[in-house]
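Participant: Before we start, here is the structure in question, set down as structure tokens.
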Amino acid sequence: MASHTLFIYILAAFGLSLTPGPNSLLVLTHGALHGHRRTWFTVWGGALGFLLLIALSMAGIGALLKASAHALIVLKLVGGAYLVWLGIQLWRSPPVMVATDVPAAQTSGGAMFRQGLLTAISNPKALLFYGAFLPQFIDSSRDLLPQFILMATIFVAVEILVEWLLALLAHRIRPLLQRAGRKFNQVCGGMFMAMGVALPMTR
């Protein structure tokens, strides 16, 4: 992966990790209820789930690229259209609500890890998303495996960092999301739509 492509990928990974989703909502909730230290279990569970989904997506992408030399072009166009559609859905979605007014039950670290893992892998949209997003940064003239390993490592590392920050700042972020959550969704949705239009046209 070229250095400028890698830089764009890292920026995109940070932006996408900040968008509202099931795991970010779970981490916010656990951070507010149990504190950021115990929420590490949730974060690592989600990271494992994301890694498994990325591996599945990359296996499918690799099989398609081996079957057809033109598959990457098709993947980029279809993936770009899917990112635009996701952006429209996110733009229209209501603000994220984090309910923390219930008593916090004593939850074991193992249970929090499993909740993070299951929340990640039970979201079929995530599998489709990775299949749409990752091909935008693949260089078909280079070996695929090192590119896949690099992209998976970066994306999961960014997810861990962002989710830990969400857990750390849960009590401060929650009121902000309730006040300006709709605007936040529109900004994130606009970013999805811009990427969906721009990335398939880049080389």
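Bear in mind these aren't lab numbers, they're just calculated from the coordinates by the rules spelled out. This one's a predicted model, so the numbers in the text were calculated from it and none came from an experiment. Cβ: placed from backbone, ideal geometry, glycine included. Neighbour counts: every protein chain shown.
Participant: How do the peptides 138-149, 189-200 rank, highest first, by the average count of neighbouring beta carbon atoms within 10 Å per residue? Walk me through the numbers on the way to the answer.
Facilitator: Values: 138-149: 12.9, 189-200: 18.3.
Final packing ranking: 189-200, 138-149.
Participant: Same structure, new question: Can you tell me, using C-alpha contacts under 8 Å and at least 6 residues apart, the relative contact order of the chain as a whole percent? Walk me through the numbers before you get to the answer.
Facilitator: Numbers: 258 pairs, mean separation 90.2, N = 203.
Relative contact order, the chain: 44 percent.
Participant: Calculate one ³J(HN,Hα) per residue across the stretch 108-118 by plugging θ = phi - 60° into the Karplus curve 6.51 cos²θ - 1.76 cosθ + 1.60, and present them in order as whole Hz with x for glycine and proline.
Facilitator: 6, x, x, 5, 5, 4, 5, 4, x, 5, 5
Participant: Project the alpha carbons of the chain onto their principal axes and report the range along each, largest first, in whole Å.
Facilitator: 56, 34, 28
Participant: Leaving out same-chain residues fewer than 8 places away, which lysines sit with a Cα under 17 Å from that of Lys66?
Facilitator: Lys76
Participant: Residue by residue through the stretch 144-149, what is 3J(HN,Hα) from phi via Karplus (6.51 cos²θ - 1.76 cosθ + 1.60, θ = phi - 60°)? Round to whole Hz and write x for glycine and proline.
Facilitator: 6, 4, x, 5, 4, 4
Participant: Go through 160-166, 8-14 and give me the packing order, highest mean Cβ count within 10 Å leading.
Facilitator: Working: 160-166: 19.6, 8-14: 16.9.
Output ranking for 160-166, 8-14: 160-166, 8-14.
Participant: Relative to the first principal axis of the alpha-carbon coordinates of the chain, what is the inclination of helix 71-92, with its axis defined by its Cα atoms, in degrees from 0 to 90 and to the nearest 10?
Facilitator: Once rounded, one gets 30 degrees.
Participant: Is it possible to state the helix-based mean residue ellipticity at 222 nm for the chain, with each DSSP H run of 4+ residues giving -39500 (n - 2.57), the sum divided by total residues, to the nearest 500 deg cm²/dmol? What is it? Provide the component values of the computation, followed by the final result.
Facilitator: Details: 8 runs with 155 residues, N = 203.
Theoretical 222 nm ellipticity from helices: -26000 deg cm²/dmol.
Participant: Helix 3-17 sits at what angle to the longest principal axis of the chain, using alpha carbons and giving 0 to 90 degrees rounded to 10?
Facilitator: Its long axis makes an angle of about 30 degrees.
Participant: Each residue of the stretch 185-194 in turn: what ³J(HN,Hα) in whole Hz from Karplus with 6.51, -1.76, 1.60 and θ = phi - 60°, glycine and Pro shown as x?
Facilitator: For the stretch 185-194, the Karplus-derived couplings read 4, 5, 4, 5, x, x, 5, 4, 5, 5 Hz, x marking Gly and Pro.
Participant: Also, I was wondering about something else. Using only Cα atoms and rounding to the nearest 10 degrees, what angle (0 to 90) does helix 22-34 make with the longest principal axis of the chain?
Facilitator: Computed tilt is about 30 degrees.
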